[in-house]
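Visitor: Got a structure for you, questions after.
The values are calculated or read from the model by the stated rules, or taken from the named source; none is laboratory data. Since we're looking at a predicted model, the values are computed, not measured. Positions of Cβ are backbone-derived with ideal geometry, glycine not excepted, and every protein chain shown enters the neighbour counts. Ligands, DNA and RNA are excluded from the accessible area calculation, which covers all protein heavy atoms including side chains. Shrake-Rupley method; radii C 1.70, N 1.55, O 1.52, S 1.80 Å.
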Amino acid sequence: VAYDFGIKRGILRRLRHSGCAVTVVPAFTPAKDVLAMKPDGIFLSNGPGDPAAVSYAIDAAATLCQSDKPIFGICLGHQILGLALGGKTYKLKFGHHGAHHPVMDLSTRKVEITSQNHGFAVDVASLQGKAVLSHVNLNDQTVEGMRHDRLPIFSVQYHPEASPGPNDPSYLFDRFVKLMDQAR
């Protein structure tokens, strides 16, 4: 199930390309309605604006995080997950926009060339004991990705479907599918 906070068609194509049958639900859909669909996984999409303004999405994500279902968030979905896990977000002075932003995957030390379009970031210090930093922006050291240390939950701030590198971050969709396979 994919929450539509402003989802891009390219993300849906990439999920389908990875073997997912995708049901898109509106942003206001309560967590209990999504869980009643018995999804293999839950995707929190990109979208515009301040993540703190979508308290209904934060509440739903917090409930979903307790479900043990695999969850993958991108951009606004990443920020919503950060808030749902008890972290904080803040407004960037200039934001990250356009392509060619270098991001390091801390598990592999590989640098990915990413596409980004956001004005807010997750505060890394607020995640201590709640999530593990997985990706960092090499230009300004902001959080570009996180994962839960016990649950099948992860997210990235950038847009892996945009493939500016050309396909550097496409492994993230495969990681989501693998988590869903393991959960079944």
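Visitor: Give me the percent of the accessible area of the chain that comes from carbon and sulfur atoms, probe 1.4 Å, all protein chains in place.
Guide: With neighbouring chains kept in place, the figure for the chain is 52 percent.
Visitor: As a test of the definition: which semi-axes, in Å, follow for the range 1-51 when you take the square root of five times each eigenvalue of its alpha carbon gyration tensor? Largest first, please. Kindly include the intermediate steps, with their values, before the conclusion.
Guide: Values: eigenvalues 57, 55, 9 Å².
After diagonalising the Cα gyration tensor, the semi-axes are 17, 17, 7 Å.
Visitor: Here is a further query. So how do M104, M146, M37 rank on accessible area, 1.4 Å probe, biggest first, that is with the largest at the start?
Guide: So, going from the largest accessible area down, we get M37, M104, M146.
Visitor: Okay, next question. Report, in whole Å, the centroid distance computed from the Cα atoms of the range 21-56 and the range 86-118.
Guide: Going from one Cα centre to the other spans 22 Å.
Visitor: In a Gaussian network model over the chain where Cα atoms closer than 10 Å are linked, find which of T89, T108, T29 has the largest mean-square fluctuation.
Guide: Highest fluctuation among the options: T108.
Visitor: Kirkwood Rh, the chain, all Cα pairs: how many Å?
Guide: 16.0
Visitor: Rounding to the nearest 20 debye, state how big the charge dipole of the chain is about its Cα centre with +1 on each Lys and Arg Cβ and -1 on each Asp and Glu Cβ. Could the numbers behind the result be given before it?
Guide: Working: 19 positive and 16 negative charges, 42 e Å.
In total the dipole reaches around 200 debye.
Visitor: Per residue, how big is the convex hull around the C-alpha atoms of the range 76-184? Give it to me in cubic angstrom, could you?
Guide: So the per-residue hull volume is 96 Å³.
Visitor: Same structure again: With the crude spin-label approximation of a point 7 Å out along Cα→Cβ, what separation in nm comes out for N117 versus Y171?
Guide: 2.6
Visitor: Oh, and also: With a 1.4 Å probe and every protein chain left in place, work out the accessible area per residue of the range 84-140 in Å², rounded to a whole number.
Guide: Values: 3060 Å² over 57 residues.
Accessible surface, normalised per residue, equals 54 Å².
Visitor: Okay, next question. Taking a virtual spin label 7 Å from the Cα of D181 along the C-beta vector, which residues in the range 58-97 bring their backbone nitrogen under 16 Å of it?
Guide: Zone members listed by number: 70.
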